[in-house]
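A short worksheet on the structure shown next.
Read the figures in this text as sums done on the coordinates, not as results from a lab. For clarity, every value in this text was computed on a predicted model and none was experimentally measured. When we count neighbours, we look across all protein chains shown, and the Cβ atoms used for this are built from the backbone with ideal geometry, even at glycine.
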Amino acid sequence: MVTTFLEEAARGEAPPLVPISADLYQQMIERGILLEGAPIELIDGLLVRKDRSARGENLMNYGRQHALLLKRRFRWLSGWCDAIGYSLQNQSPVTLNEFSVPEPDLSIVRGTEEDYREGHLGPNDVLLLIEIADSSVSTDRSTKQRLYASAGIPVYWIVNIPDSQVEVYEQPDAASGKYQPPTIYRAGQTVRFSLAGQSIDIDVTRFFA
């Protein structure tokens, strides 16, 4: 059996990998080495293709339900955010630390898009991150949860397409890289999100209809 370099590195049998920093990642985009808007994230110093595929499909495919959910949610949630002085970002990079710049599907942030014209969002700008997960459920529950909790993101949602449920993670513990066990919402239930004294109730059925 042929062993790849990454497999050897994971077992400690190869020279260590040199992580790409967030600064170098940004330079690669600015110089056209990486195309701006390409579905690539910086995760723990590695360039990783963002998985938007449907479960069982080719990773290179953009799952139809993922795309539809993103478009629908962006439309009505964006209006609510604008009304209370916040903004909803769509697949915008968030610089969490020196080696991780993920691109969550949706993020509710302080201020307007114009406030971030000169740079990426940081952890202190973000109130809620949302990942729409199909084949990426496992990674969103593990690696993404660790990154977001470690950065102190206060609320993290996984819109879990295969199980038709919304998983709400709160109370991050930066030291352990974990949230409290999630609250699970299914069809017929309502998720409430509050911000600046305003609340929005979201029927879970609406996500998957």
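Couple of notes before you dig in:
- Taking 18 Å as the straight-line reach from the Cα of K50, the aspartates and glutamates in range (excluding those fewer than 8 positions away in the same chain) are E36, E41, E103, D105, E131, D134, D140.
- Ranked packing of 2-12, 124-134, 164-174, 192-202, most packed first, by mean Cβ within 10 Å: 124-134, 164-174, 192-202, 2-12
- Between T190, F99, T4, the Cα set farthest toward the positive side of the dipole of the chain (charges on each charged residue's Cβ, about the Cα centre) is that of T190.
- Surrounding net charge for I84, when Lys and Arg each add one and Asp and Glu each subtract one, Cβ distance under 15 Å: 0
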